[in-house]
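**Student:** This is the structure I want to talk about, given as structure tokens.
The values are calculated or read from the model by the stated rules, or taken from the named source; none is laboratory data. On a predicted model such as this, the values are computed, not experimentally measured, just so you know. With ideal geometry, Cβ positions are generated from the backbone for all residues, glycine too; neighbour counts draw on all protein chains shown.
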Amino acid sequence: TVPVILDVDTGVDDALAILFAVRHPGIDVLAISCVAGNAPLERVVDNTLRVLDAADAPEIPVAAGAARPLLAPARSASHVHGASGLGGVALPPTRRRPEPVSAVELMRQRILAHDGPVTLVALAPQTNLALLLRTHPEVAERIERIVFMGGSASVGNATAVAEFNVWHDPEAAAIVLDSGVPAYMYGLDVFNRVAIDHDTARALEHGADPLGRVVGALLGHRVALSEDRTAEYTGLIGDAGAVCSIVDPLALRTEVRPVHVELTGHGRGQTLVDRRRTSGEDTMHGLTGDWARVEVALDVDAERVARLFL
Ligand code: BDR
Ligand code: CA
């Protein structure tokens, strides 16, 4: 099993990712850290705890982290995830409580206490991760890699060129990518492709299995979005796909590429991915020599990942 710490802003598709992670036998969720993003921090923490109940998960420590980005102003994503952050999906209140320590401290403790390297799975703005790496750089060598949902090698969603998680806290993403910890980018190029069709989502929502009903309802929110917004959100499993990539890496095609987080102007929050053929030459031209080398997911067998998720 792969020991992971999830960093989330739950969030409809973060909920799907948590459900998948805690129920998949190949993944051991050591802790979950919460950050403001898709919803305000308190909602994120409460949603996360409720989702763990819905999954009938064992005790997994959850802690609250950053309530806002490092430099950027706090912004709302309620137009995508609803006021609650979970679309219209009402999960029952939970007796689970967050840990009495910060997300950064929880991550530090769990990473150092674990026997062997830990994978960080970032499904949200990377504020907590940046704070962790800057405050406790000694954890870096204990991190196997950072798998993050964020960025894009093509089109954006928050802006024409920037993906939401990176755009929400670009300075944090830059700190994380430049930290030297190996990174795997599950960006919009693949995020926007893995979906569950309407009929399957509806069958789950109205089926007998309690967990399936929750998953179906969450997917139904994504489907509903497409009716009044944009088709690209239809039935997407979203962040859950990043967790699936850990279980079935061969379902994706990746390339190691120089990546830079743009911090200024209209391009703020864009992940510049140097996809030119001759990277040796690019370095000679002095453009990308100091950019982080990131494993970027560029293509996915979407049906295979959707099946895995189901
Ligand atoms: C990212 O932002 C949120 O909408 C999703 O949860 C995902 O992490 C997509 O840009
Ligand atoms: Ca998210």
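**Student:** Here is a list of conditions, (1) of a type in the set (S, T, N, Q); (2) in contact with a His (Cβ under 6 Å, 6 or more places away or on another chain); (3) part of a strand (DSSP E or B), and N38 meets all of them except one; can you say which number that is?
**Tutor:** Only one criterion is unmet by N38, namely (3).
**Student:** V176: touching a strand residue (DSSP E or B) at 6+ places or on another chain (Cβ under 8 Å), in contact (Cβ under 8 Å) with a residue 24 or more places away in the chain, in a loop (DSSP other than H, G, I, E, B) and within 21 Å of E295 (Cα to Cα), yes or no?
**Tutor:** no
**Student:** Which residues, counting only those in segment 136-178, are touching a Lys or Arg at 6+ places or on another chain (Cβ under 8 Å) and of a type outside the set (G, A, S)?
**Tutor:** Passing the criteria: H136, V139, T159, W167, H168, P170, I175.
**Student:** Could you look through segment 178-197, keep only residues that are β-branched (V, I, T) and modelled with pLDDT of 95 or more, and pick out the one that is nearest to P117 (Cα to Cα)?
**Tutor:** V181
**Student:** Only one residue in S76, S33 is of a type in the set (S, T, Y), within 16 Å of ligand 1 (Cβ to nearest atom) and out of contact with any Asp or Glu (no Cβ under 7 Å at 6 or more places or on another chain). Which one?
**Tutor:** Going through S76, S33 in turn, the sole match is S76.
Listed here are the residues, each with its yes/no results for (1) assigned to a strand (DSSP E or B); (2) within 22 Å of F309 (Cα to Cα); (3) within 13 Å of the chain's Cα centre (by Cα).
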site: V29; (1), (2), (3): yes, yes, no
site: S33; (1), (2), (3): yes, no, yes
site: T48; (1), (2), (3): no, yes, no
site: L52; (1), (2), (3): no, yes, no
site: A57; (1), (2), (3): no, yes, no
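**Student:** Shifting gears a bit: Out of everything in segment 137-161 that is crowded, with 20+ Cβ neighbours inside 10 Å and within 17 Å of W291 (Cβ to Cβ), what residue ends up being nearest to ligand 1 (Cβ to nearest atom)?
**Tutor:** Of everything passing the filter in segment 137-161, G150 is nearest to ligand 1 (Cβ to nearest atom).
**Student:** From (1) surrounded by fewer than 16 Cβ atoms within 10 Å (Cβ to Cβ); (2) over 23 Å from M185 (Cβ atoms), pick out the condition that doesn't hold for L86.
**Tutor:** Status for L86: all satisfied but (1).
**Student:** For D115, which of the numbered conditions (1) assigned to a helix (DSSP H, G or I); (2) over 17 Å from the mean Cα position of the chain (by Cα) fails to hold?
**Tutor:** Among (1) assigned to a helix (DSSP H, G or I); (2) over 17 Å from the mean Cα position of the chain (by Cα), D115 violates only (1).
**Student:** A follow-up question, please. Taking the condition of being without any contact (Cβ under 8 Å) to a residue 60 or more places away in the chain, more than 13 Å from ligand 2 (Cβ to nearest atom) and part of a helix (DSSP H, G or I), how many residues in segment 1-27 meet it?
**Tutor:** So the count comes out to 1.
**Student:** Residues V166, V155, V89: which one is within 19 Å of the chain's Cα centre (by Cα) and under 28 Å from R50 (Cα atoms)?
**Tutor:** None of the other options fit; the residue is V166.
**Student:** What residue, among those in segment 125-167 that are out of contact with any helix residue (DSSP H, G or I) (no Cβ under 6 Å at 6 or more places or on another chain) and within 12 Å of ligand 2 (Cβ to nearest atom), is nearest to V256 (Cα to Cα)?
**Tutor:** Within segment 125-167, the match that is nearest to V256 (Cα to Cα) is F148.
**Student:** Can I ask one more? Show the residue pairs that are 6+ apart or on different chains and have beta-carbon atoms under 8 Å apart, the first residue being within segment 230-241 and modelled with pLDDT under 90, the second being within 11 Å of ligand 2 (Cβ to nearest atom).
**Tutor:** Close Cβ pairs satisfying both conditions: Y233/V80.
**Student:** Within segment 52-68, count every residue that is over 16 Å from E42 (Cα atoms) and small (G, A, S).
**Tutor:** 3
**Student:** Test L106 against the stated conditions and say whether it is within 30 Å of R276 (Cβ to Cβ), crowded, with 16+ Cβ neighbours inside 10 Å and hydrophobic (A, V, I, L, M, F, W, C).
**Tutor:** So L106 does not fit the description; no.
**Student:** Checking the structure you have, find out if any residue of segment 196-209 is crowded, with 17+ Cβ neighbours inside 10 Å, more than 16 Å from the chain's Cα centre (by Cα) and among the small types (G, A, S).
**Tutor:** Yes.
**Student:** Conditions first: (1) assigned to a loop (DSSP other than H, G, I, E, B); (2) within 16 Å of ligand 1 (Cβ to nearest atom); (3) touching a strand residue (DSSP E or B) at 6+ places or on another chain (Cβ under 6 Å). E99 passes all but one, so which condition is the exception?
**Tutor:** (2)
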